[in-house]
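The structure appears right after this line, and notes come after that.
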Amino acid sequence: KQEVTQIPAALSVPEGENLVLNCSFTDSAIYNLQWFRQDPGKGLTSLLLIQSSQREQTSGRLNASLDKSSGRSTLYIAASQPGDSATYLCAVITSGTYKYIFGTGTRLKVLA
Amino acid sequence: AAGVIQSPRHLIKEKRETATLKCYPIPRHDTVYWYQQGPGQDPQFLISFYEKMQSDKGSIPDRFSAQQFSDYHSELNMSSLELGDSALYFCASTNADTQYFGPGTRLTVL
C-alpha cells in the first residue's frame, strides 16, 4: 500500500531564504508525482507535475526533482517570500491505479 | 481555460440530513475523482468514474453514493450525515495524465 510522507511537517523561515521540502513514498512504481499548494481553507493549486520518466520540473522560483528509485521528491523554493506561506502537499499516482495518494503536507510560514 | 466546477461551494447541514455535491468536469474530460479532506488532514480518495462507470473505490462510507451522468458531470450523495463528515470535498477530472482539481465544496455538519 502506497504511503506518502512529507518532512518537515512545519517550517518557519525568514524572507529570502532558499528552502527544500521533502516528500518520500514507499512504492517506487509511480505514474507521476505532483506538488500542490493549499492556503488555509482553500482549494488545491497545482505547482509542478513530474511524470515518472522525468527527473525534474521548474516553474519560476520553484524546482521539483524526482528520484523514483529512492522513493523521494524534493521541492526547492528559491528566495522565499511571505506570499509563499501555505501548506505544500505532494501526491503520487501509483502505477496501475489512477488515484492520487497525498502526503501529510508541510506547513510553511515565511516571515517578513 | 475552463476549469472544474463544483457546487455548492459551501453547504451547512444538520446531523442525519442528506447532502448532494455536484462536480462539472472540464469539457471532454471523461474521468472524475472525488476526494475528502477533513480538518487538518490530507485529501483522501473516495471514488472515481470513467465513462460513467465506477472505476475505483476508496474509503467511502456506505452512506455515500455517487454517479456520473451522460454529460459526464458527477454527483456525490451523502445520507445520514454525521459530524465527522464535515470536510472539504474535492472533485478532479482528467482525460489523460493530469488531474485538474476543482475549488472544493466545504460541508459543515451541525
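The values are calculated or read from the model by the stated rules, or taken from the named source; none is laboratory data. Just so it is clear, the structure is predicted and the values come from calculations on it, not from any experiment. Neighbour counts run over all protein chains shown; Cβ positions are idealised from the backbone, glycine included. We work out accessible area using only protein heavy atoms, side chains counted, and drop any ligands, DNA or RNA first. Shrake-Rupley method; radii C 1.70, N 1.55, O 1.52, S 1.80 Å.
What to note about this one:
- Chain A: translational diffusion in µm²/s, Stokes-Einstein, Kirkwood Rh over Cα pairs, 4 °C, 1.567 mPa s: 93
- Expressed as a whole percent, the accessible area of chain A that falls on carbon and sulfur atoms is 50 (1.4 Å probe).
- The H on the amide N of A:C90, modeled in the peptide plane, is under 5 Å from the matching H of A:F36, A:G103, A:G105, each at least 5 residues off or on a different chain.
- Residue of B:S93, B:S59, B:S79 that the Gaussian network model of chain B assigns the largest fluctuation, springs spanning Cα pairs under 10 Å: B:S59
- Percentage of interatomic Cα-Cα distances in the range B:41-110 larger than 14 Å: 64
- Across all C-alpha atoms in the range A:71-112, the radius of gyration and Dmax reach 13.3, 44 Å.
- Projected onto planes of every orientation and averaged, the convex hull of the alpha-carbon atoms in the protein assembly as shown covers 12.2 nm².
- Residue order for B:H10, B:H29 - accessible surface, 1.4 angstrom probe, largest first: B:H10, B:H29
- Among the listed pairs A:K68/B:K57; A:K1/B:K57; A:K1/A:K68, those with a Cα-Cα distance over 20 Å are A:K68/B:K57.
- Computed from backbone phi, the HN-Hα couplings of the range B:52-69 come to 6, 10, 4, 10, 7, 9, x, 7, 9, x, 4, 6, 9, 9, 8, 7, 10, 9 Hz, rounded to whole numbers (Karplus: 6.51 cos²θ - 1.76 cosθ + 1.60, θ = phi - 60°; Gly and Pro given as x).
- When the GluC sites (Glu not before Pro) in the range B:1-80 are filtered for DSSP coil states and for at most 10 other beta-carbon atoms within 10 Å of their beta-carbon, the remaining sites are B:E14, B:E51.
- Formal net charge of residues neighbouring A:Y88 (Cβ-Cβ distance under 14 Å; K, R +1; D, E -1): +2
- The residues of chain A present an accessible area of 48 Å² per residue when probed at 1.4 Å with all protein chains retained.
- Surface/4 of the Cα convex hull for the range A:15-79, nm²: 5.0
- Of the residues B:M78, B:M53, ranked by 1.4 Å probe accessible area with the largest first, the sequence reads B:M53, B:M78.
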